[in-house]
1. Where does the protein assembly as shown land on the Kirkwood hydrodynamic radius, alpha-carbon pairs, in angstrom?
2. Taking θ = phi - 60°, what integer Hz values does the Karplus form 6.51 cos²θ - 1.76 cosθ + 1.60 yield along region C:195-204, in sequence order, with x for Gly and Pro?
3. Show me, for region A:223-235, the HN-Hα J-couplings you get by feeding each phi into the Karplus relation (A = 6.51, B = -1.76, C = 1.60, θ = phi - 60°), rounded to Hz, glycine and proline as x.
4. Angle between the Cα long axis of helix B:336-367 and the longest principal axis of chain B, 0 to 90 degrees, nearest 10?
5. Using the Karplus equation 6.51 cos²θ - 1.76 cosθ + 1.60 (θ = phi - 60°), what ³J(HN,Hα) coupling, rounded to whole Hz, does each residue of region B:240-245 give in order, writing x for Gly and Pro?
6. Please report, in debye to the nearest 20, how large the charge dipole of the protein assembly as shown is about its Cα centre when each Lys and Arg carries +1 at its beta carbon and each Asp and Glu carries -1 there.
7. On C-alpha positions alone, give me the angle between the axis of helix B:114-140 and the longest principal axis of chain B, in degrees, nearest 10.
8. What is the distance in Å between the Cα centroid of region A:114-152 and that of region C:83-102?
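Read-outs throughout are calculated quantities, based only on the coordinates presented, and are distinct from any laboratory measurement. This structure is a prediction, so every number in the text was calculated from the model and none was measured. A quick note on method: Cβ atoms are made from the backbone with ideal geometry, for glycine too, and the neighbour counts reach across all protein chains shown.
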Amino acid sequence: MASARFETRRLTSDAMFGVCAACAAVIVTLLLLVSGYLVFIGAGAINLSFFTDVPTGDVAQPGGMRHAIEGTLILLALAAAIGVPLGVASGVYLSEYSHEWLFASPMRFIADVLTGVPSIVVGILGYELVVVPVSRWTSNSVSFSGYAGAAALAFIMIPIVARTTEEMLRLVPKTYREGSLALGASKAQTVLRVVLPSAFGSISTGIMLAIARVAGETAPLLFTALGSRLLTRDPSEPFPSLTLQIYTYATGPYPEQKNLAWAGILVLLAILFVVNLLIRVVASRHAATRMGKS
Amino acid sequence: MTTDASAISAAAPSPNASGGPARSLRRSFRFGDAMLGLVCRGSAAIIALMLGALVLVLLTSAMPAIKQFGLGFLVSSEWRVNELERPLKDAAGQVVMEDGEIVMETIKPAFGALPVIYGTAMSSLIALAIAVPLSFGAALFLVRVAPTLRIAGPLSFLIEFLAAIPSLAYGIWGLFVLAPFLQSHVGPAIKATLENVPGLRWMFYESVTIAGTVVERPIPITGRDMLCGSLVLAIMILPIVTSVSRDVLKAVPRTQIEGTLALGATWWQSCVAMLRYGRSGLFGAVMLGLARAAGETMAITMVIGNNNQINPSPFAPAQTMASLLANEFAEASEGLHQASLLYVALVLLVMSLLFNVIARRLVVGKASPAGH
Amino acid sequence: MPASMTHPHSHPQPGSDSRSDARPEARPEVAVRAPSALPRGGPASAYPIIDAIKRGETPTPRIHDSVRAEPVILAVNNFQLWYGQSKALHGITMPVAKGKVTALIGPSGCGKSTLLRSVNRLNDLIEGVRVEGSIDLNGNSVYARGVDVIDLRKRLGMVFQKPNPFPMSIFENVVYALRISGERNKKALADACEKALRQAALWDEVKDRLKASAMGLSGGQQQRLCIARAIVSEPEVLLLDEPCSALDPIATLRIEELIHEISSRYTVLIVTHNMQQAARVSDYTAFMYLGRLVEYGRTADLFQVPQLRETEDYVTGRFG
């Protein structure tokens, strides 16, 4: 009797083991299916002119996406220029001034909360906070601009960078800070010369991840940068971005443009994959040297 | 010691040096410290300002709609952007005629968020229902089995990378691969199987009123509908829910598992004990997935069909809060329409913040007990 | 959360509570005289001073006349320190002799590290620390209002339990104190670096790889590097907080030799839980117990003819 019950239990266990393995298999299959399609169709659609040409206006021969690639790079550079210093400085505050808990704890909470804001809402905020006021000042009809897009992307970056920086700084041994202070270094010298440099590798990894994250964002740019078919380098104009261009082409009616969208997605994925791989390699090497030496 | 003392004393100039050992210890203003404090506090304050600006801007811009509709906005299902003229009808449902002419009435634009709230809730819940069991199963596999097979590393990398794929990519896949497949194969197959099952007719037919009579007509299967939206959402949240669940389960102390095994528990029973131990963290993972699904914009906009109406059928096109914003915000003229969209944005913001805060509390509280 | 991170008692000496080196196996071989035939009562009255301390009293410490005869560089005066509600130091009064090595010994949690960290005000970093009384460095009060802590710390060197070289090159580690004081002259920095490394007996081992990372050095080398880093700006007092507790016996021996060598140039205040070490390296020794100073005198006297039974039994390992 008891052994029969045990037998049932064992069978259940084996069955559930199979179910778990199947779950993992299903997930991997699904995700490989998705990325496989993206890679293979994209690879068929890509060619050199994708990188070198700009849109022609002819739907049968739509040209390339050079303008969008450049636009995305410029947008990312602008967003990083705003977001990285602010994010790192806030991260330093959260970690090195955490004794000011009356201010620091709510700030940490707010940073956490901000990482969960839907990106479309960030886009709307960018519209209301940058596009609309600028339109009023310049009495333009609607001043969509690269600056507005970069601001929206920076909005997403700042809390991510701040929290990563904080976490990385907390991993810096306390003895470094004490050692530096005991030698008569001021707080600023301790932070800038010892604490930040020793976390430099991991913080830059976090920054790269944040940039990679916003590189794939579309929704925040819909109502800020708007997108453009022109090769422009002036961020005060409506600005092209890879993701916006892909979205426009993908939802449009022309098959040639859809092809370009596939190619664009592949390029975006390739960039993100390389960045992720690099980060992983660097991070694991970093962790290895740290472990080895401590 | 005295041989190159000059080099040393030159090398270590003290602001208060008075030569001998009996230097005084006067406090001096530290410009660097003051600057660092200023920059860091200022930057942190900017984070607070960001949240403040977000709430304030949405609130003030949505104010016309809030004033007009109040909380009724959340339960009203009307979404009429433009004024509508239609024949006036009397109590009996007859068109009112006057002097041989049909009397027209003007219906003002009206806005209600119920269809998009329904769409968001329904698509997210279906997505969770699909993704959560798969994720938990896979997380158990990753924690309990994969390490012994030496595939935990590659699997984890794969899942983490897939979590980093932008939603636009999922959207394109959904639009060009999944939706046509659903339209040509899955939809018809399901319809053929279930159409005549009693009680499931609502899945395939909708009732519409045409010229005063109620007509039942089949819902066209386009592939771009609630089903497709939910499936894409499910695939999108799989990586994040899996990787967070994996972290939660990893944090379950070994002694917990070994304790149950020592008592003669089977593999699965010890897994259940693990799931039970990490239940609040796992709930957090689910909430994180919910937040992700609810706020998701691009992919859902491309595949859900964008129809602002409530229809229980999974084959009917629908609309979520985020897709409504993506579709209509750019074209909305200033005024009530835009204010209503901002009201929707506000609801979306509050909702996802709520999910996120709950999730973070649960996950962070469990996964890292040190929890700074 | 950050406020509650600090656990008053465990903080100043992380990890040291679990050690028991100060127990019988650390018994000094040379400098300790045999247990004497001093009159001995029952167990309850054997240690009247310890008993009084355990009752919460602060008995007058036994400070030998030999200490008072020395020129004073560091004067601790009725110094008290609280971590939040709990009091860690009770009315410590002790002069530290200039140009000598003074050791602080006592069982774990007796406040010796806390006292050391009070000298350069490193305890300021801990939330909820409050002090009373005074510490004077060369006649300047350390805790007076308006004191610049940074300037104070520039005048003191400190070496910690675990070697804590910064993750930068050996050279940059050594000249750190000079760099933060604004020194840019390459020649001056190089000279100072060489001199400090020579004093720390590390020059020959690292002179060919000054640009290499300090993290690649062995534990003992790292600790000597930390000593070099601490003495590069010629501190008035060198504070050593159990500098050998994380090192193997051979590295420990080298550090002890080093302390002996630099004691001709610097005043050294060293915390140790190893009584052999105190006996080997120091000129003066202070025995502390539960935040009170118990006995303080010439090391040879304290280990061979202590005036208190408590001290005698502690240094012979019979108590503690």
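1. Result for the protein assembly as shown stands at 33.2 Å.
2. With the stated coefficients, region C:195-204 comes to 5, 5, 5, 5, 4, 8, 6, 10, 4, 5 Hz.
3. 10, 10, 7, 6, x, 7, 9, 9, 7, 10, 10, 9, x
4. Here the helix axis deviates by roughly 50 degrees.
5. Couplings: 5, 5, 4, 6, 5, 4 Hz.
6. Value, rounded to 20: 2920 debye.
7. With rounding to tens, the tilt is 50 degrees.
8. 61 Å
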